[in-house]
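Contents: one structure, followed by commentary.
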Amino acid sequence: MNARALLYPLYAAQLATGAKSFRDNPLIGSPALNRRGLHTRRVALAHNLAGWRRSHLAHLLSPEDRAAFDRDGFVEKRDFLPPALFSTLRDAVLARRAPARDMVQGDTITRRFAVDPAYIRDVPALRAPLADPVWRGLIRYAGSFDQEPLVYVQSILSHVRDAEPDPQTAFHADTFHPTVKAWLFLTDVAEDEGPFTYVPGSHRLTPARLAWEQAMSLKAPGGVDRLSARGSFRIAESDLPSLGLSAPRAFAVPANTLVVGDTFGFHARGPSVRPSTRVEIWAYGRRNPFLPFAGLDPLSTAGLAERRIGWNWAWRDWLHARGWKGHPWRDVGPKTPAER
Ligand SMILES: O=C(O)CCC(=O)C(=O)O
Ligand SMILES: [Fe+2]
């Protein structure tokens, strides 16, 4: 018996989780199983359960926001914070030098700072958006869990070096199940400076989308690009109409706009035609997509929730140092969001 055979119980157990890589899990990546509908069944079950959980979270947002989200897969709110509060928040975040993590993809750096107890102590204006019922309700409903998201300050620094383009500029779904990301932009975002871009309505699991998922699952992992093989399926913009989808919407928006989206929907970062810097409060939430209930998350407890990012980075550094599992988030020491 080879070593991989010993791992099969683990691979099988992962089928009941958010595990998504067609390359790293031979069951998820098995053409024989996917011909029998393994991938499409996971997709359909996860979507049904998310719909059920969302029905229990609908009271957290206004009927208008719920209708907009159910139709488009995102909600956009301009002038989200009162102007004076927004300026205070933006100035404090842009000036704060703090421990940063950089990930380089192609010619672009994504930089993250954990919004942890130290960050909130230094930038108390952050308490306002984090406690805002609109922020809280939209993120919970879109993510289909009554859960505190992980919150970061994130900056996108484009054209930092001569390299191939940023891979996030290709349209993709982050994973096979509904999941939430949120952006509160602290800087104005121009149309040609890497705006977040989303295909309206592409969060819905239509028969055409399910057929496309089936076809992709038969090609992966060998017959698709690297990130599709890892479970974030890429799609050419020219293929969107064949799924009944309309033109993408680029969020070229003024600072102080909040966008909350379901990144099962197809999205990308628009290209940047010149070196540009986008800074945002960025939130992300994910749990096991097969849970039949929305609440009961022990890690959402105040006091624990704000510490999860630090723990996660420390754990990944530890694995990386032993050569067990690489991770792309380099500790680059203290930085401000915009410095290159
Ligand atoms: O930052 C963006 O504009 C989108 C990047 C992306 O694909 C993601 O965050 O999942
Ligand atoms: Fe993405």
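Rounded to the nearest 10 degrees, the angle from helix 63-72 to the longest Cα principal axis of the chain is 50 degrees.
Local charge for LEU210 was computed over the other residues whose Cβ lies under 14 Å away, with Lys and Arg +1 and Asp and Glu -1, and equals +3.
Hey, with R₀ at 30 Å, roughly what FRET efficiency would ARG71 and TRP324 work out to, going by the Cβ-Cβ distance, to 0.05?
0.10
Structure remark: mean-square fluctuation, Gaussian network model of the chain, C-alpha springs under 10 Å; the largest value among ALA84, ALA100, ALA128 belongs to ALA84. Please report how far the C-alpha centroid of region 59-101 lies from that of region 107-167, rounded to the nearest whole angstrom. Each part's Cα centre sits 10 Å from the other's. Going by neighbour counts of Cβ atoms within 10 Å, the residues ARG322, ARG101 line up, fewest first, as ARG322, ARG101.
Residue by residue, region 175-181 carries 3J(HN,Hα) couplings of 7, 8, 10, x, 7, 10, 9 Hz when phi is fed to the Karplus relation 6.51 cos²θ - 1.76 cosθ + 1.60 (θ = phi - 60°); x denotes Gly or Pro. The shape of region 132-200 comes out prolate: with a ≥ b ≥ c from the C-alpha gyration tensor, a/c is at least 1.5 and a/b beats b/c. Say we join alpha carbon atoms closer than 10 Å with springs in a Gaussian network model of the chain; which of GLY18, GLY194, GLY326 then has the biggest fluctuation? Ranking GLY18, GLY194, GLY326 by mean-square fluctuation puts GLY326 first. Helical runs (DSSP H, four residues minimum) scored at -39500 (n - 2.57) apiece and divided by the length of the chain put the mean residue ellipticity at 222 nm at -9000 deg cm²/dmol.
Which of rounded, prolate, oblate describes region 274-340, given a ≥ b ≥ c as roots of the alpha-carbon gyration tensor eigenvalues and a/c under 1.5 marking rounded, otherwise prolate only if a/b is larger than b/c? Present the calculation step by step, with values, prior to reporting the outcome.
On the way: a/c = 2.05, a/b = 1.39, b/c = 1.48.
Taking the square roots of the gyration eigenvalues as a ≥ b ≥ c, region 274-340 is oblate.
Among ALA46, ALA247, ALA19, the residue with the largest mean-square fluctuation in a Gaussian network model of the chain, with springs joining Cα atoms closer than 10 Å, is ALA247.
Here the extension length gained between ARG35 and ALA208 equals 60.6 nm, from 0.36 nm per residue of separation less the Cα-Cα distance. With both labels modelled 7 Å from their Cα along Cα-to-Cβ, the ASN312 to ALA58 distance reads 3.0 nm.
Our summary gives the chain a relative contact order of 31 percent, counting only alpha carbon pairs under 8 angstrom and 6 or more residues apart. Would the chain count as rounded, prolate or oblate if I go by the C-alpha gyration tensor, calling it rounded below 1.5 in a/c and otherwise prolate when a/b exceeds b/c, oblate otherwise? Rounded shape, in that the Cα axes give a/c under 1.5.
The numbers here are math on the coordinates, done by the rules we state, and not lab data. Because the structure is predicted, anything quoted here is derived from the model rather than measured. Virtual Cβ from ideal backbone geometry, glycine too; neighbours counted across all protein chains shown.
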